[in-house]
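Below is one structure, written out as structure tokens, with a few remarks after it.
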Amino acid sequence: MAKIVKAIINENVAETLEQYVREAPEEMRPEVRTMLDVFGSGDTEKAEEMCREILQKKPDYPYVQTVYGVCLFEKERFEEAERVFREVIEAHSDFEKAAVQLAKSYHAQGKYREAAAEFGKILPLKEYEPMVYSTYGDCLERLGLKKKALEAFREDIIQYDKEKFVPSEQWMDGVFQRALELEVSMNQDLFLKDLEDYKDFLKHAQHAADYQSYLADLIVVMSAELEREWLRNPFVEFVTFVSRLGVMQGEYQETITSAYVAVESYNLRDDREISPLLEDFVNNIYSEEHMDEMEDASDEYVANGIRINARIACWQMIQYLPHHENEISYFQMHYPQSYLVVAEKIGRIRSDASAFEEELLQDIQKYADMDDIELDDLRGRLADSYQEMMKKQERVVQDGGTYRRTTRKIGRNEPCPCGSGKKYKDCCGKGK
């Protein structure tokens, strides 16, 4: 029997169908069976016509009335369907199938409060029915009742765990994603469990490649929650799983790269081996490369600010890199995706720092509208700013007023890391 019929009568389809057929007068039973076959084939136009003919002979026939309402619903005639389901419930208040369909018709019209109230009257169902709990969950989430919404979505996930059967892969994918998006900020244990179940679902899905955009959205949602340290390893494992699954193609492949960069950016921030200057360098280059994705960047003033920050970060790295190659090597080894973001810039610094510096200064002058300032003067201002930054970076305040060094200790006779050419003791290390 077709899925649409199973959605109405549920388990043990043949037996349930026969029960409803028996409600018709004996002479009408062949007609009812034929209508069900037509309805089951998906020909709702013909089934609607046949339902009307049956109901003219036997108006009080709740199952056929409900099928008629579903035909209207499938054709997006939601208000008409609502009226039909109401009539059934008024005459047969315990007819659960019509109550379910009435709630769905409210939902389809955007009447989420009415739909939630109707679902609340009939749930839990006597027999599980696909798509009912998730529709209820959608209503609750739209009403801001996230905890109850999650409970509703999980009813479908629990059933999937039991049966490993879904009437629609796309629907089940949506259920998993809605639940995971709620769980990531509400329930760590459920999130980790359902994430494993979701990976199992994707592994066996026949049309997983059709869910690229949904997977990308979920990865973005998870990325926004990476402040939660417990999430980072499962997030990397999930992104790696999706990448190996091979379903993210074309433009969506960039989502995978961005995901790795996102989690690395949080780890960078907490890594004592990585200086704030290097972290800022990566963030500023990444921001410029992804300006098109930023809403504010459509404003030319904002866009120029992003461009200026990226070039100042590059200029600072020209001064910094020669004295911190060990840190760059560590960065490349432990943060490979983030390194790729800045690899081209680091290559230019290593190959021709002077020409690159000149280009950066000219760009800063242009984007900052500083044509009246000589490049040497601009270079001096940047050098002063850089020296102040290096002084602050050398030590940072910790809890209780204690300090820790964020970069390696610089010998007094070593070249100063600010790039002045003087020894450290005669420059930024004076008096230390």
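The values are calculated or read from the model by the stated rules, or taken from the named source; none is laboratory data. Just so it is clear, the structure is predicted and the values come from calculations on it, not from any experiment. Virtual Cβ from ideal backbone geometry, glycine too; neighbours counted across all protein chains shown. For accessibility, only protein heavy atoms count, side chains too; no ligands or nucleic acids. Shrake-Rupley method; radii C 1.70, N 1.55, O 1.52, S 1.80 Å.
If you average 1/r over all unlike Cα pairs in region 189-296 and invert the result, what Kirkwood radius do you get in angstrom? Display every interim value, and only then the final one.
Values: mean 1/r = 0.0660 Å⁻¹.
After inverting the mean inverse Cα-Cα distance, the result is 15.1 Å.
Can you tell me the 0 to 90 degree angle between the C-alpha axis of helix 212-223 and the longest principal axis of the chain, rounded to 10?
Approximately 50 degrees, to the nearest 10.
With no solvent and one equal point scatterer placed on each C-alpha of region 100-145, evaluate the Debye formula and give log10 I(q)/I(0) for q = 0.13, 0.20, 0.29, 0.32 Å⁻¹, two decimals.
Normalising to I(0) and taking log10 leaves -0.22, -0.53, -1.08, -1.27.
Relative to the present Cα-Cα distance, how much length would full extension add between Asp94 and Lys147 at 0.36 nm per residue of separation?
Values: separation 53, 0.36 × 53 = 19.08 nm, distance 2.85 nm.
Between Asp94 and Lys147, full extension yields an extra 16.2 nm.
For the chain, with every protein chain kept in place, what is the accessible area per residue (1.4 Å probe, Å²)? Write out the running numbers ahead of the final one.
Working: 22210 Å² over 432 residues.
In whole numbers, the chain has 51 Å² accessible per residue.
Evaluate the charge dipole of the chain about its Cα centre and quote only its size in Debye, nearest 20, assuming +1 on the Cβ of each Lys and Arg and -1 on the Cβ of each Asp and Glu. Present the calculation step by step, with values, prior to reporting the outcome.
Values: 56 positive and 85 negative charges, 374 e Å.
Once rounded to the nearest 20, the dipole reads 1800 debye.
Any chance you could give the angle, 0 to 90 degrees and rounded to 10, that helix 29-40 forms with the longest Cα principal axis of the chain?
Helix 29-40 sits roughly 10 degrees off the main axis of the chain.
With each label point set 7 Å from Cα along the Cα-Cβ vector, what nm distance links Arg381 and Gln332?
About 3.4 nm separates the two model spin labels.
About the Cα centre, and with charges only on the beta carbon of Lys, Arg (+1) and Asp, Glu (-1), how big is the dipole of region 46-147? Nearest 20 debye, please. Before the final figure, lay out the partial values.
Numbers: 17 positive and 19 negative charges, 46 e Å.
Charge dipole, region 46-147, about its Cα centre: 220 debye, nearest 20.
Based on the Cβ-Cβ distance from Asp217 to Lys366, what FRET efficiency comes out when R0 is 45 Å, to the nearest 0.05? Write out the running numbers ahead of the final one.
Details: r = 38 Å, r/R0 = 0.84.
My answer for the efficiency is 0.75.
Give me the orientation-averaged projected area of the Cα convex hull of region 208-256, in nm², one decimal.
Details: hull surface 12.4 nm².
Taking the Cα atoms of region 208-256, their convex hull projects to 3.1 nm² on average.
What do you get for the angle between helix 188-204 and the principal long axis of the chain? Use alpha-carbon atoms, 0 to 90 degrees, nearest ten.
70
With each run of n ≥ 4 DSSP H residues scored as -39500 (n - 2.57), what mean residue ellipticity at 222 nm is computed for the chain after dividing by its residue count and rounding to the nearest 500 deg cm²/dmol? Mind dumping the intermediate values first?
Details: 20 runs with 302 residues, N = 432.
Roughly -23000 deg cm²/dmol at 222 nm, from the helical runs in the chain.
Starting at 0 and stepping by 20 Å, how many percent of the alpha carbon pairs of the chain end up in each bin?
Bin by bin from 0 Å, the calculated values are 20, 36, 24, 15, 5, 0.
Of Val341, Met390, Tyr20, which is farthest towards the positive pole of the chain's charge dipole, taken about the Cα centre with +1 and -1 on the beta-carbons of Lys, Arg and Asp, Glu respectively?
Farthest towards the positive end: Met390.
So how far, in whole Å, is the C-alpha centre of region 319-371 from the one of region 98-145?
Taking the Cα centre of each part, region 319-371 and region 98-145 sit 56 Å apart.
Translational diffusion coefficient of region 129-271 at 25 °C, 0.890 mPa s, Stokes-Einstein with Kirkwood Rh over Cα pairs, in µm²/s as a whole number.
Numbers: Rh = 15.6 Å.
After rounding, the answer is 158 µm²/s.
For region 230-291, treating each Cα as an identical point scatterer without solvent, what Debye log10 I(q)/I(0) comes out at q = 0.22, 0.27 1/Å?
Debye curve over Cα of region 230-291, log10 I(q)/I(0) at q = 0.22, 0.27 Å⁻¹: -0.96, -1.11.
Counting only protein heavy atoms and using a 1.4 Å probe, what share of the accessible area of the chain belongs to carbon plus sulfur, as a whole percent? The partial results should precede the final answer.
Numbers: 10130 of 22210 Å².
Answer for the chain: carbon and sulfur cover 46 percent of the accessible area.
Counting pairs of alpha carbon atoms under 8 Å apart in space and at least six apart in sequence, what relative contact order in percent does the chain give? Could you put the intermediate results ahead of the total?
Values: 417 pairs, mean separation 30.9, N = 432.
Computed value for the chain: 7 percent relative contact order.
If I model a spin label as a point 7 Å beyond the Cα along the Cα-Cβ vector, how far apart are those points for Thr34 and Ser243 in nm?
In this crude spin-label approximation the distance works out to 6.1 nm.
Starting from the Cα of Glu229, step 7 Å toward the Cβ, then list every residue of region 262-281 with an amide N under 20 Å from that point.
In region 262-281, the label zone of Glu229 (backbone N under 20 Å from the point 7 Å along Cα→Cβ) covers 262-276, 279.
Ordered by packing density, taken as the mean number of other Cβ atoms within 10 Å over each peptide's residues, highest first, how do 140-146, 303-309 rank?
Values: 140-146: 15.6, 303-309: 17.7.
Highest-to-lowest ranking by the protection proxy: 303-309, 140-146.
On a 24 Å Cα-Cα criterion, which of the cross-link pairs Lys121/Lys148; Lys126/Lys199; Lys97/Lys199; Lys126/Lys193; Lys75/Lys121; Lys126/Lys203 come out too long? Mind dumping the intermediate values first?
Working: Lys121/Lys148 15 Å; Lys126/Lys199 30 Å; Lys97/Lys199 33 Å; Lys126/Lys193 27 Å; Lys75/Lys121 26 Å; Lys126/Lys203 32 Å.
Exceeds cut-off: Lys126/Lys199; Lys97/Lys199; Lys126/Lys193; Lys75/Lys121; Lys126/Lys203.
Could you work out how far apart the two model spin labels at Lys193 and Ala343 are, taking each label as a point 7 Å from the Cα in the direction of the beta carbon, and quote it in nm?
Rounded to a tenth, the inter-label distance reads 4.2 nm.
Name the residue from Ala205, Ile328, Gly42 whose Cα lies farthest towards the positive end of the charge dipole of the chain, charges +1 on Cβ of Lys and Arg and -1 on Cβ of Asp and Glu.
About the Cα centre, the residue reaching furthest to the positive side is Ile328.
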